[in-house]
Amino acid sequence: MYVQYPIKTDAGDIKKHLEGWENWLDTSHTIEVISFKQLGETGTYLASYKLDDSPAIAKLQKGINSRLKIVWSSSGTGEVRYDYVATDDGVYVALYGVNPNEKISMIEVDLQTADYSYRVDVPKGDYFTVVDLLPPTIKSPVAISFTAYDKNGKQLNLGE
């Protein structure tokens with residue numbers, strides 16, 4: 001069991017295993033763990049991290065030995081990215097990205113496959129992660145569009 005679920009729930013061990021995960025193709029990446037969060041009362045966790053200079057996120061699952069394994073990861077160069085995770089508690093959406101000079105203050109999220117939208121305040125810092133549980137009526141994976149705003153409410157063109 002320790003071989004399949006080897007990761008302790010501390011930032012140092014998570015970083016060590018993310019380095020192994022990201023560097024398995026004989027590439028060399030720098031990893032900095034930004035946040036680590038359990039999704040509700042489930043055995044699912046999300047680790048948000050900086051992969052070189054790009055935002056990244058990984059889903060980890062808890063085993064019966066109370067340790068974790070990495071299930072998947074995602075990264076990219078966009079300023080704002082999202083992933084969703086279905087759990088026994090429902091569907092969680094994680095917005096994550098880079099926020100140079102803290103120009104993004106708020107993000108409006110619109111679910112394309114449901115009549116639902118919400119707003120997220122972006123925390124201070126160059127990198128951010130915000131995780132929200134969707135209403136229980138939304139059970140399937142969702143397509144999302146989002147719009148970012150500055151502190152004055154002006155819509156931002158991401159990528160500029």
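Let me confirm something: among Ile64, Ile70, which residue is in contact (Cβ under 8 Å) with a residue 12 or more places away in the chain and outside any strand (DSSP E or B)?
Ile64
Which numbered condition trips up Phe128, out of (1) in a loop (DSSP other than H, G, I, E, B); (2) touching a Gly at 6+ places or on another chain (Cβ under 8 Å)?
Just one mismatch for Phe128, condition (1).
Answer yes or no as to whether Glu102 is farther than 28 Å from Val3 by Cα, in contact with a Lys or Arg (Cβ under 9 Å, 6 or more places away or on another chain) and open to solvent by 60 Å² or more (accessible area, probe 1.4 Å).
yes
From Leu133, Leu95, grab the single residue that is open to solvent by 30 Å² or more (accessible area, probe 1.4 Å) and within 13 Å of the chain's Cα centre (by Cα).
The match here is Leu133.
Please name all residue pairs, on different chains or six or more residues apart, with Cβ atoms under 6 Å, provided the first residue is in region 94-112 and is farther than 8 Å from Ala148 by Cβ and the second residue is crowded, with 21+ Cβ neighbours inside 10 Å and among the aromatic types (Phe, Trp, Tyr).
So the pair list comes out as Asn99/Phe128.
Do you know which of the residues in region 111-129 that are of a type outside the set (Phe, Trp, Tyr) and within 22 Å of Gln38 (Cα to Cα) is most open to solvent (accessible area, probe 1.4 Å)?
The residue in question is Lys124.
To keep it simple, each residue is scored yes or no on (1) open to solvent by less than 40 Å² (accessible area, probe 1.4 Å); (2) of a type in the set (D, E, K, R); (3) modelled with pLDDT of 95 or more.
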residue: Leu46; (1), (2), (3): yes, no, yes
residue: Asp52; (1), (2), (3): no, yes, no
residue: Val71; (1), (2), (3): no, no, yes
residue: Thr77; (1), (2), (3): no, no, no
residue: Val80; (1), (2), (3): yes, no, no
residue: Ala86; (1), (2), (3): no, no, no
residue: Val109; (1), (2), (3): yes, no, no
residue: Ile138; (1), (2), (3): yes, no, no
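Any idea which of (1) touching a residue at least 24 places away in the same chain (Cβ under 8 Å); (2) under 24 Å from Lys154 (Cβ atoms); (3) more than 16 Å from the chain's Cα centre (by Cα) is the one Gly78 doesn't satisfy?
(3)
Where residues in region 1-33 are acidic (Asp, Glu) and under 18 Å from Ser66 (Cα atoms), which of them is most open to solvent (accessible area, probe 1.4 Å)?
Asp10
The values are calculated or read from the model by the stated rules, or taken from the named source; none is laboratory data. These numbers come from a predicted model, not from an experiment. We place every Cβ from the backbone using ideal geometry, glycine too, and count neighbours over all the protein chains shown. Side chains included, ligands, DNA and RNA excluded: accessible areas come from the protein's heavy atoms. Shrake-Rupley method; radii C 1.70, N 1.55, O 1.52, S 1.80 Å.
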